[in-house]
Amino acid sequence: MKDIHVLSLDGQSITDVSNLVNAVNYIKEYDRAIIVITAFHQTRNKLLAITDTAVSGNLDAAHALCDEIYDLYYDLIQQALESHPNPKNTLILETTDKKLEEYTFRLKKLLGYADKMQAHRDRWVDSILPIGDQMAAFVLSQTALSWGTLTQYVEATKLIKTDNEYGQANPNTMSVYQHCGSLETLIENGFTPIMGGGYGISQEKSMSQLGPDGLDITARLIAGALEAKSIEFTN
């Protein structure tokens, strides 16, 4: 049994900077861990609302809501770094800002296809919702760097391959097991991998949701692939 722990974090519980810092301190308790996390606070509901707003034809309002999500994540890490002086904080914040802008740009680009969403809503929703999980994982990994934890953001689509059942995709377990060796390599090199949970990439190369229990599914897949010592589920 390998001495690796998989920490499954429900990002909805991260509603303010103190919750974010608590998550970082929790991670620091483990020397060899992989973190799987979902979107912070009400991000998932907001992304669903954004999708509906875009489908209704109000793209400007949808874009304004996208900016609100960007602000949520940027403000959280900015406040966290302000509370924890570190010479690297300026670079950490700049790197995070650039990444959040990339995610926001991609989100707005997806919403630009609103005329297609009515016919393929499940597929478009599956492409949009993981953006919140990606933002959460990246912000958590960058915040942890300020606290002295050597983290590495890992994109879940590099590991989690699924079928084309959008909204309730089934993971290709064999493929997942084949791709998870990279996580073990990161751990052996002293890094703590942090990734978004609950989604993967379909056979059609589109993002796919694993369903309402997607976070747990991701954590169990990773733990199984690496013969982890434990899975810790937190709310």
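Values computed for the structure shown
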{"item": "Calculated FRET efficiency for the pair Leu48/Gln79, C-beta based, R₀ 25 Å, to 0.05", "result": "0.45"}
{"item": "Near-label residues of the stretch 16-32 by backbone N, under 13 Å of a point 7 Å along Cα→Cβ of Asp3", "result": "30-32"}
{"item": "Gain upon complete extension [Ser56, Asp10; 0.36 nm per residue less C-alpha separation]", "result": "13.5 nm"}
{"item": "Label corresponding to volume of the Cα convex hull per residue in Å³ when calculated from the structure given, among (1) 114; (2) 104; (3) 158", "result": "(2)"}
{"item": "Size of electric dipole in the chain: Cβ of Lys, Arg +1 and of Asp, Glu -1, about Cα centre, debye, nearest 20", "result": "400"}
{"item": "Gaussian network model of the chain, springs between alpha carbon atoms under 10 Å - residue of Phe105, Phe138, Phe40 with greatest fluctuation", "result": "Phe105"}
{"item": "Three-way shape call for the stretch 2-96 based on the alpha-carbon gyration tensor, with the a/c threshold at 1.5", "result": "oblate"}
{"item": "Taking the chain and dividing mean pair separation by its residue count, relative contact order in percent (alpha carbons under 8 Å, at least six apart)", "result": "30"}
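Every number in this text was worked out from the coordinates using simple rules, so none of it is lab data. Keep in mind it's a predicted model, so treat the numbers as computed, not measured. Please note: Cβ atoms are built from the backbone with ideal geometry, for glycine as well, and neighbour counts cover all protein chains shown.
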